[in-house]
Amino acid sequence: MNDQIVEVNISEWDTPSTQEQLITDLESGKVIHFTNLEFPISEIEQKYFTSEIRDKKSRNISLSVSGDIKGVVKNNEAESNLTKMLVRYRNHSHLLVNSILPCYKDHLHLAQTSFRPNQIVTRNQSWRADDKRLHVDAFPSRPNYGERILRVFINVNPHNVPRVWRIGEPFEAIVERFLCDTKPYSAWQAKILNAFDITKSLRSKYDHLMLQLHDSMKRNLSYQSNCPQITVEFPTGSVWICFSDQTSHAAMSGQFMMEQTFHLPTANQYNPNTSPLAILSRHMGRQLI
Ligand code: SIN
Ligand code: FE
């Protein structure tokens with residue numbers, strides 16, 4: 001299991017050196033941990049490193065692709081300074097991904113950037129929303145038709161508190177374990193969800209299966225404790241990336257993290273056969289989108 005995480009010690013975000021093994025590891029669902037990248041936070045930005053900065057109605061502070069910030073308690077100065085910090089992080093993440101994964105460059109779709117100032121351990125959530133349980137990312141309202149979810153995380157805790165994750169077994173093993181429990185897809189249910197705007201577009205067979213895997217994993221407490229897994233500490237300053245729709249992950253403790261999401265069409269992977277869509281289609285013996 002320890003090989004589910006790979007350490008890389010490059011010191012520049014923009015390192016034009018294609019490491020083929022890193023690409024294979026990432027596309028096979030491993031987490032790539034950059035131990036030596038720097039992301040200075042200014043003194044002004046440090047002022048906002050308090051859980052009070054988050055509007056309690058929002059789960060996180062997030063910056064949309066068009067640059068709108070949401071989730072900050074009403075304070076123009078905080079909004080403007082946090083926007084600058086998130087834009088800087090977005091640009092750094094983009095440089096990193098473009099330099100280590102050059103074939104993705106023209107195909108990546110930029111998605112949201114988030115700042116997560118909440119303490120993980122004290123967060124109280126329903127089992128389905130609880131990211132302390134191992135899961136693969138799948139979102140009920142946002143069907144993605146197999147498009148990949150690539151995320152760049154950084155621990156920016158000012159007090160050197162690590163972000164602690166669990167990383168679970170490979171996607172193929174999750175499919176083998178849970179696919180037999182999934183409920184059949186219902187085309188009329190997908191239409192109703194879409195008609196009532198519960199989903200942003202029609203939920204595909206692929207999206208249905210991914211949600212079922214997400215829920216089956218989180219619901220099963222004995223799986224949560226007993227499945228093959230490792231616990232990893234990401235110290236302050238760590239940057240790590242993974243395909244979060246493929247890598248089984250759970251955030252156990254820590255506070256103050258940023259995350260940049262990118263989407264990538266499966267066809268533009270180095271090896272599209274490793275994608276959740278390809279793996280699920282092989283297991284189901286049919287097309288899912
Ligand atoms: C998640 O993506 O499930 C949570 C990651 C984190 O907050 O560290
Ligand atoms: Fe997640």
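The values are calculated or read from the model by the stated rules, or taken from the named source; none is laboratory data. Keep in mind that this is a model prediction, so the values were computed, not measured. Backbone-built Cβ (ideal geometry, glycine too); neighbour counts: all protein chains shown. For accessibility, only protein heavy atoms count, side chains too; no ligands or nucleic acids. Shrake-Rupley method; radii C 1.70, N 1.55, O 1.52, S 1.80 Å.
Report the calculated FRET efficiency for Gln119 and Ile198 (r = Cβ-Cβ distance, R0 = 51 Å), to the nearest 0.05. List each step's numbers first, then the result.
Numbers: r = 31 Å, r/R0 = 0.60.
Approximately 0.95, to the nearest 0.05.
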In Å and whole numbers, how far do the C-alpha atoms of the chain stretch along each principal axis, longest first? 55, 43, 39
Using a cut-off of 19 Å between alpha-carbon atoms, which aspartates and glutamates can reach Lys56, once sequence neighbours fewer than 8 places away in the same chain are excluded? Asp68, Glu77, Glu79, Asp130, Asp131
Accessible area per residue in Å² at 1.4 Å probe, computed on the stretch 2-284: 46
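Add -39500 (n - 2.57) for each DSSP H run of 4 or more in the chain, then divide by its residues: what number comes out at 222 nm, to the nearest 500 deg cm²/dmol? Don't jump to the answer; show the numbers that get you there.
Values: 8 runs with 84 residues, N = 289.
When only DSSP H runs of four or more count, the value is -8500 deg cm²/dmol.
Strictly over 19 Å apart at the Cα level, which of Lys47/Lys132; Lys47/Lys84; Lys30/Lys205 would you flag in this model?
Details: Lys47/Lys132 28 Å; Lys47/Lys84 14 Å; Lys30/Lys205 25 Å.
Those over the limit are Lys47/Lys132; Lys30/Lys205.
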Which distance in Å, rounded to a whole number, links the C-alpha centroids of the stretch 55-76 and the stretch 8-53? 23
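Per the 1.4 Å probe, what fraction of the accessible area of the chain, in percent, lies on carbon and sulfur atoms?
Numbers: 6830 of 13440 Å².
With neighbouring chains kept in place, the figure for the chain is 51 percent.
Which residues make up the longest stretch of the chain that has no trypsin sites (Lys or Arg not before Pro) in a DSSP loop with at most 11 other Cβ atoms within 10 Å?
Working: sites that count: Lys56, Lys57, Lys74, Arg286.
Longest site-free region, per DSSP loop and neighbour criteria: 75-285.
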